[in-house]
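> I have a structure here, written as C-alpha cells, and I will follow up with some questions on it.
No value in this document is a laboratory result; all are computed from the given coordinates. Bear in mind the structure is a predicted one, so any value in this text is a computation, not a measurement.
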C-alpha cells in the first residue's frame, strides 16, 4: 500500500491530463483539482437542489429509480433531503452540469470504453450533511464502492467517483477520508480489511480530503474511504457534495421500475 503524508498536491485541470496527474492517480487512487466550477455555479447548484428538495418533500417521494431517498431534519426541525439519487433528472441546472465537456478528459483515468454514469448506478448523487440532533446523515463508515458489484455477482469493473464539492472544508468539518493506495489491494483485503459501514475509527494511514467550494476530486471505487462526522454542531457543520460515477462494462440504465437492491438496507447505518 502506498504511504503518503497528511498533505497532498492539488492540480489544475487543463485540456488534457498531464503525465504527473495520471501517475499520481495511478499510484494513490485519488486526485484533487481546484476551481472546477466558480462560486456562481456553486450557488446555482445549491439553489437547484433546494427546488428539487421542495418537490420531493411536498410529494413525499420515497424512491427514485429504485433508490431510496434519505430524509432528515434541518437545524430548525423542518424536513430536508439528505441524499438525492438521480438528481440530474429533476432540474435543468443539474442536467447541464453533466454535459460539461471536461468530464470527457477525466474518462481516461478509468480506461477505454468508460462513461459518466448519469443513467446507471445512482446517477448524480447529491449529499447534504448537517450535524445536529435531528440529522439522519452526519457520517458514513469505512467501505469500498466495489463491494456492490461483487454482491450483485458481476465483474469488478473500474468505477471512479467524481466529487464536485459545494462547501469549504477544514479538518474539523469532517468529510471524505481515504486510505491512499488501497485501490491496489487483493480481494481479501477489499472484503475484510474493515467492517463495512460499522467501522468509523480513524486509520493511521488515512488522509483528509479538504476541498474548497468548486473543487473536484476523483477517487477509485476500490479505495477504502469513509465520511467523517463534523466536530462542529450547527450551521457551520453544513456541507454539500455531488458525486457522479465514471464506470465501464455493460450499459445498465435504471428506470422507475428498477428494483431496490438489498444493499440499500445499509442506508440505515448512516446517521
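> Based on DSSP H runs of at least 4 residues, each adding -39500 (n - 2.57), what is the mean residue ellipticity at 222 nm of the chain after dividing by all its residues, to the nearest 500 deg cm²/dmol? Intermediate values should be presented prior to the final figure.
On the way: 6 runs with 54 residues, N = 271.
Calculated at 222 nm, the ellipticity per residue is -5500 deg cm²/dmol.
> Using the Kirkwood radius over Cα pairs, work out the Stokes-Einstein diffusion coefficient for region 12-96 at 10 °C and 1.306 mPa s, in µm²/s as a whole number. Write down the numbers at each step before the final one.
Working: Rh = 15.6 Å.
Reported coefficient: 102 µm²/s.
> Let me ask another. Could you work out, for region 53-171, what percent of all Cα-Cα pairs fall into each 5 Å distance bin, beginning at 0 Å and stopping at the bin that holds the largest distance?
With a bin width of 5 Å, the distribution comes to 2, 9, 16, 20, 20, 17, 11, 4, 1, 0.
> Given a cut-off of under 8 Å on Cα pairs at least six residues apart, what relative contact order in percent is computed for the chain?
30 percent.
> Same structure, new question: Scale the Cα Rg of region 60-108 by the rule-of-thumb value 2.2 N^0.38 Å and send over the ratio, two decimals.
1.50
> OK, next. So if I restrict to the alpha-carbon atoms in region 169-252, what is the Rg, and what is Dmax, the biggest pairwise distance, in Å?
14.5, 43
> Ok, one more. Counting only C-alpha contacts under 8 Å and six or more residues apart, can you give the relative contact order of region 154-236 as a whole percent?
Details: 119 pairs, mean separation 45.6, N = 83.
Reported as a whole number, the value is 55 percent.
> How high is the relative contact order of region 84-209, in percent, counting Cα pairs under 8 Å that sit 6 or more residues apart? Kindly include the intermediate steps, with their values, before the conclusion.
Numbers: 98 pairs, mean separation 30.6, N = 126.
So the answer I get is 24 percent.
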